[in-house]
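To start, the structure itself, in structure tokens.
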Amino acid sequence: MSELGCDRCGRSLLAFEDVRYKLEIKVYAAYDPLELSPRALRETDFDAEIERLVEACDGLSQEDLESSVWKALTFDLCLRCQREFLKDPLPRRREDDADAKAGEK
Ligand SMILES: [Zn+2]
């Protein structure tokens, strides 16, 4: 039997837990409906737009491109980690973390 552990704390889920939980996360780009008008169709240079998009993708790996559009993650959790996750599923970014990221750009 393969060992199944909690992906958060590492505790064995088969030896120590009566119940285990699956956590599935999907992160995907949200798009607004396209706003196409006859005028936009006439005035848009689609060749230039495609060229711009290809250039924007240049240098990015397949994984980077895919994860910028859609990413699914699956985790196994023990009871304690499930409860802790539900209490704070989306921890706020600390102010200094936000500043550090902004400084990188
Ligand atoms: Zn755990």
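The values are calculated or read from the model by the stated rules, or taken from the named source; none is laboratory data. Computed from a prediction, not measured in an experiment: that's the story for all the values here. With ideal geometry, Cβ positions are generated from the backbone for all residues, glycine too; neighbour counts draw on all protein chains shown.
Within the stretch 11-41, the set of residues being outside any helix (DSSP H, G or I), within 13 Å of the ligand (Cβ to nearest atom) and over 30 Å from Ser68 (Cβ atoms) comprises Arg11, Ser12, Glu17, Val19, Arg20. Just one of the listed residues (Ala40, Ala56, Ala29) is within 30 Å of Cys81 (Cα to Cα) and out of contact with any His (no Cβ under 7 Å at 6 or more places or on another chain), and it is Ala29.
Scanning the stretch 35-55 for residues that are of a type in the set (Val, Ile, Thr) and in contact with a Phe, Trp or Tyr (Cβ under 9 Å, 6 or more places away or on another chain) turns up nothing. Selection of the stretch 62-95 for residues being loosely packed, with under 10 Cβ neighbours inside 10 Å, assigned to a helix (DSSP H, G or I) and either modelled with pLDDT under 90 or more than 15 Å from the ligand (Cβ to nearest atom) (or both) yields Gln62, Glu63, Glu95.
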